[in-house]
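The values are calculated or read from the model by the stated rules, or taken from the named source; none is laboratory data. This one's a predicted model, so the numbers in the text were calculated from it and none came from an experiment. Using ideal geometry, Cβ is built from the backbone for each residue, glycine included, and neighbour counts are taken over all protein chains shown.
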Amino acid sequence: MTNVPVMALFLMKLRTPVSVLRFIDRLKGGRLERVGLWAKTLLSDYGDVIVEAGKDMRKHPVRSSFLLAGITGALYAYKTNPSYQSFQQALLHSSNDLLQLSNAIRNPTSDSHVQSLIGHMNDGTLRYTTLGVVSIVWTGDFHKDCNVYAAQCKYLKPQWLSFHERVADVGFCGRWLVLDQKMADFDVNSDEFSL
């Protein structure tokens, strides 16, 4: 018995039923028992909710299908929510498409919009915010690292009522909606057909 390590002796003692019962008795009333009781009641509550939801779905199948479709759509929009890098990529792709055209056939609306966004991106005044299912790219007044007084004073910041004027693009389901709309006829110059 002297060659057996101390830990093995402890484990051999613990395997006896009396020792296990004593060990369990020491845990009663402690933190571990409270955590176990909390987990048991939590799982019981969630089980009841699932059973009741199943009964409600059988009772109202049309409402349940609309709700399930809405949840699925929201999850899809969340998973395909575009990032700021995808906006930069789409903007540079649009700029390259416009650069391949001559000024005579380039759409001036598309060109001015893309040039404005590239100017804001170069100045560092484009901001990106995600709302979970929708992303918003908007323009700020100053670069994010600018420390002048006007950039720091809370009374000189843009008002929330005029925020819609600063929105440059809205991203939804992997697409940038304003950029796609402005680039729809980027190779058609309407001034070319006017007399």
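In this structure, does Val137 turn out to be in contact (Cβ under 8 Å) with a residue 40 or more places away in the chain and either over 30 Å from Leu75 (Cβ atoms) or of a type outside the set (Asp, Glu) (or both)? Can you show your working first?
Values: in contact (Cβ under 8 Å) with a residue 40 or more places away in the chain: yes; either over 30 Å from Leu75 (Cβ atoms) or of a type outside the set (Asp, Glu) (or both): yes.
Spelling it out, Val137 is indeed in contact (Cβ under 8 Å) with a residue 40 or more places away in the chain and either over 30 Å from Leu75 (Cβ atoms) or of a type outside the set (Asp, Glu) (or both).
Residue by residue, here is whether (1) under 30 Å from Val178 (Cβ atoms); (2) over 30 Å from the mean Cα position of the chain (by Cα) holds:
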{"site": "Leu42", "(1), (2)": "no, no"}
{"site": "Pro61", "(1), (2)": "no, yes"}
{"site": "Gly73", "(1), (2)": "yes, no"}
{"site": "Ala77", "(1), (2)": "yes, no"}
{"site": "Ser94", "(1), (2)": "yes, no"}
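Are any of the residues in segment 153-173 in contact with a helix residue (DSSP H, G or I) (Cβ under 6 Å, 6 or more places away or on another chain), polar (S, T, N, Q) and either in the same structural domain as His93 (by TED's automatic domain parsing) or part of a helix (DSSP H, G or I) (or both)?
No.
Within the set of pairs 6 or more residues apart or between chains, which connect a residue that is of a type in the set (D, E, K, R) inside segment 102-130 to a residue that is surrounded by 12 or more Cβ atoms within 10 Å (Cβ to Cβ) and modelled with pLDDT under 90 with Cβ atoms less than 6 Å apart?
Within 6 Å, the pairs are Arg106/Leu98; Asp111/Leu98; Arg127/Trp138; Arg127/Gly140.
Test Ile118 against the stated conditions and say whether it is out of contact with any Pro (no Cβ under 7 Å at 6 or more places or on another chain), under 25 Å from Phe163 (Cβ atoms) and either of a type in the set (Val, Ile, Thr) or part of a helix (DSSP H, G or I) (or both). Please lay out each step first, then the result.
Details: out of contact with any Pro (no Cβ under 7 Å at 6 or more places or on another chain): yes; under 25 Å from Phe163 (Cβ atoms): yes; either of a type in the set (Val, Ile, Thr) or part of a helix (DSSP H, G or I) (or both): yes.
Yes: the conditions hold for Ile118.
Cβ-Cβ distance below 7 Å, separation of 6 or more or different chains: which pairs start in segment 162-186 with a residue that is surrounded by fewer than 17 Cβ atoms within 10 Å (Cβ to Cβ) and end on one that is of a type in the set (Phe, Trp, Tyr)?
Arg166/Trp138; Val167/Trp138
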